[in-house]
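Please read the structure below before turning to the comments.
The values are calculated or read from the model by the stated rules, or taken from the named source; none is laboratory data. Predicted model only: the values in this text are computed from it and were never measured. Note that we place each Cβ from the backbone using ideal geometry, even for glycine, and neighbour counts take in every protein chain shown.
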Amino acid sequence: MKRETRQKKYVILAIALVAAPILLGIAAIGVGRYSIGVREILECLLPPLFPGADVDEVTSRVIFDIRLPRVLLAIIAGAGLAVAGAAFQGIFANPLATPDTLGVASGASFGAAFAILLGFGMMYIQLMAVVWGVIAVIVAVALISGSGGRGSTMMLILAGMVVGALFSALLSIIKYVADPQDVLPSITYWLMGSLTDTTFSRLAAGAPMIIGGTLVIYLVRWRLNVMSLHEDEAKALGVNVKRVRVLVIAACTMITAAVIAMCGQIGWIGLLIPHIARMICGNDNRRVIPACIGLGATFLLATDTVARSVSSAEIPVSILTSIIGAPIFIILLRKTGGVKS
Amino acid sequence: MIFEVKNGNFGYGKRKTTLRDISFSLRRDSILSILGPNGAGKTTLLKCMLGLLKWTSGDSYIEGVPVSGIEHRELWKRIGYVPQAKLSAFAYTVIEMTLLGRSAHLGLFEHPNDADREIAESCLDRIGISHLRDRLCSRISGGELQMALIARALATDPSILVLDEPESNLDFKNQLIVMDTIRSLRDDHHISSVVNTHYPEHALSISDSVIILRSDGTIISGNAKSVVTEENLEKAFGVNVKLHDITSASGNYTCVMPISIA
């Protein structure tokens with residue numbers, strides 16, 4: 001393909017990836033038990049453009065108190081998870097890495113379950129999830145620090161698996177002792193992941209962490225390319241490998257811990273979306289990361305909208321991301337052979 | 001002297017010493033080859049030279065300044081490292097790979113701009129692989145990948161190139177392409193090279209000076225003709241070797257033939 005046509009293709013792609021979550025977001029606001037027309041939504045969201053429009057109270061309440069925060073959370077969380085996955089795959093030079101590779105999801109789940117067991121309120125459950133997610137990653141990193149430089153990315157992945165297993169065991173203990181009448185079901189439901197009951201105040205607590213982490217990775221995205229080479233090679237290209245690694249791990253941990261704290265465990269996005277992004281635009285992270293933001297946002301928004309509207313009882317979104325994600329992934333892999341040629 | 005090692009010692013762990021009392025120097029506009037049997041520590045020597053591993057005692061010097069005292073990024077603006085051609089986890093295109101050579105010149109949050117891109121393209125051009133520009137590194141031959149890695153090292157704009165067995169796994173023609181490239185970088189672009197190699201013939205044909213690293217961790221060094229001798233090769237590699245001079249239309253060559261295990 002000629003360079004000019006390819007440039008043109010990327011411009012079109014960029015526009016599509018910015019437009020998709022916005023258009024889908026507007027559509028998603030209208031979908032649900034109480035359906036709202038596009039014109040009403042726009043009148044409500046952008047009053048200056050529609051002078052004299054009169055939006056009724058109920059519609060406005062549904063939009064601002066229920067649907068808009070949820071749509072925004074889906075966009076932010078989807079983008080964040082996809083970016084965190086791509087970044088981990090880069091720094092660990094491993095296409096199978098996920099945002100949970102260092103055990104943050106297990107730690108956060110343990111923290112949340114512990115908080116539910118103790119009967120804490122929503123705010124403290126979220127806080128505990130974030131804190132324990134971060135603790136899990138710190139433990140994983142501490143386990144291998146000072147163990148020598150050679151093969152240290154593989155050591156980090158192993159340390160993450162160990163920490164993940166440890167916190168899964170702790171989580172099992174909590175489930176075991178939890179009251180099966182009411183506490184255990186609420187732990188189970190929380191773990192399945194859902195964007196229900198998102199409010200602007202909950203969003204305000206978690207979104208800055210996700211957006212901040214995503215921004216950091218967006219800014220260092222070119223460095224992810226060099227990080228995916230062998231460690232000595234990256235060093236010999238003048239890169240401070242340790243510093244970049246710590247920065248990226250910190251940013252990804254912030255993103256993932258905050259997402260899990262707000263929506264529970266949502267799997268697949270961190271693995272599926274980066275691979276789709278690479279199939280579309282090659283392996284250069286200067287394009288992969290922006291593509292992940294657009295695709296991740298669109299994917300989680302679409303699955304969440306289906307999850308809450310397809311049946312009268314809401315389906316946990318993590319179940320849907322797997323059910324939809326796995327076949328899409330296989331189809332794409334078969335079609336493209338895994339890499340863009 | 002553009003590069004020097006003085007009294008370098010190194011051992012993995014406390015007791016074992018892999019490299020003993022290593023001293024040698026690299027003159028400006030010259031090529032130095034390092035020969036040695038498997039396991040003698042050639043790659044270790046390269047890593048110690050470059051500060052990727054720390055000498056237990058002694059130090060390396062670039063233009064008289066100890067390497068350990070040079071800031072990481074500054075050091076790697078002067079040295080271009082060409083590793084053995086191995087594929088990375090994600091396949092980048094040749095131009096994307098070459099651009100990574102600009103890393104030492106760019107800060108953590110900086111991205112390569114048009115000037116960096118032009119430098120990368122000119123490096124491809126200089127060693128004659130512009131046609132590979134948009135090919136994926138996973139879809140080109142081993143020889144082409146090795147050339148791409150040389151282009152990446154050149155994009156750093158180094159005064160010294162360090163190559164780790166650049167002609168291993170390559171066929172005759174690609175070996176010659178790599179060797180000719182190293183030679184023309186010295187002659188036309190004033191870039192000195194340190195080359196780790198398994199081929200005494202290559203050491204003889206391209207280098208100004210040669211080091212033989214022996215299994216006990218000591219070295220013999222000097223100009224190519226005086227170091228690559230039947231006697232030295234026999235002692236270092238444990239094989240009986242015959243050197244044979246060949247004259248062809250394009251010049252004189254020395255053929256190194258291993259005869260039997262000593």
Exercise. How about region A:192-227: which of its residues are within 14 Å of chain B (Cβ to nearest Cβ) and hydroxyl-bearing (S, T, Y)?
Worked result: A:Y218
For this session: Filter region A:117-130 down to residues that are assigned to a helix (DSSP H, G or I) and either buried (at least 24 other Cβ atoms within 10 Å of the Cβ) or of a type in the set (F, W, Y) (or both) and give me whichever is farthest from the chain's Cα centre (by Cα).
Result: A:Y124
For this session: Give the number of residues within region A:44-63 that are touching a residue at least 12 places away in the same chain (Cβ under 8 Å) and either among the hydrophobic types (A, V, I, L, M, F, W, C) or buried (at least 19 other Cβ atoms within 10 Å of the Cβ) (or both).
Result: 6
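Let's see how each residue does on (1) of a type in the set (G, A, S); (2) on the phi < 0 side of the Ramachandran plot; (3) surrounded by fewer than 19 Cβ atoms within 10 Å (Cβ to Cβ); (4) within 18 Å of the chain's Cα centre (by Cα):
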residue	(1), (2), (3), (4)
A:T198	no, yes, no, yes
A:R202	no, yes, yes, yes
A:G206	yes, yes, no, yes
A:G212	yes, yes, yes, yes
A:V216	no, yes, no, yes
A:R221	no, yes, no, yes
A:M227	no, yes, no, no
A:H230	no, yes, yes, no
A:E233	no, yes, no, no
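At least 1 residues that are at the interface with chain A (Cβ under 10 Å from one of its Cβ atoms) and surrounded by 17 or more Cβ atoms within 10 Å (Cβ to Cβ) in each: list the strands (runs of 3 or more DSSP E) lying fully within region B:30-101 that qualify.
Where strands (runs of 3 or more DSSP E) fall fully within region B:30-101 and carry at least 1 residues being at the interface with chain A (Cβ under 10 Å from one of its Cβ atoms) and surrounded by 17 or more Cβ atoms within 10 Å (Cβ to Cβ), they are B:79-82.
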For this session: Answer yes if at least one residue in region A:93-104 is without any contact (Cβ under 8 Å) to a residue 60 or more places away in the chain and among the aliphatic types (A, V, I, L, M), and no otherwise.
Result: no
Exercise. If you take the residues in region A:1-19 that are in a helix (DSSP H, G or I) and within 14 Å of chain B (Cβ to nearest Cβ), which one is modelled with the lowest pLDDT?
Worked result: A:R3
Exercise. Within region B:196-205, is there a residue that is β-branched (V, I, T) and either over 18 Å from B:I2 (Cβ atoms) or modelled with pLDDT of 95 or more (or both)?
Worked result: yes
Problem set entry | Residue check for A:V137: hydrophobic (A, V, I, L, M, F, W, C), within 23 Å of A:A82 (Cα to Cα) and surrounded by fewer than 18 Cβ atoms within 10 Å (Cβ to Cβ) | no
Exercise. Is it the case that B:N240 is surrounded by 12 or more Cβ atoms within 10 Å (Cβ to Cβ), polar (S, T, N, Q), within 15 Å of B:N38 (Cα to Cα) and touching a strand residue (DSSP E or B) at 6+ places or on another chain (Cβ under 9 Å)?
Worked result: no
For this session: Output the number of residues of region B:105-120 satisfying the condition of being crowded, with 17+ Cβ neighbours inside 10 Å and either small (G, A, S) or away from chain A (no Cβ under 11 Å) (or both).
Result: 2
For this session: For B:L170, state whether it is without any contact (Cβ under 8 Å) to a residue 40 or more places away in the chain, in a helix (DSSP H, G or I), farther than 18 Å from B:G36 by Cβ and of a type outside the set (D, E).
Result: no
Exercise. Among the listed residues A:I211, A:I187, A:I217, which satisfies the condition of being farther than 12 Å from A:L72 by Cα, of a type outside the set (G, A, S) and at pLDDT 95 or above?
Worked result: A:I217
For this session: Keeping to region B:121-144, report how many residues are away from chain A (no Cβ under 13 Å) and within 24 Å of the chain's Cα centre (by Cα).
Result: 13
Problem set entry | Count of residues meeting criterion [within 17 Å of A:D100 (Cβ to Cβ) and within 12 Å of chain B (Cβ to nearest Cβ)] in region A:246-264 | 1
For this session: Determine whether region A:278-301 contains at least one residue that is of a type in the set (A, V, I, L, M), touching a helix residue (DSSP H, G or I) at 6+ places or on another chain (Cβ under 9 Å), buried (at least 24 other Cβ atoms within 10 Å of the Cβ) and farther than 19 Å from A:A87 by Cβ.
Result: yes
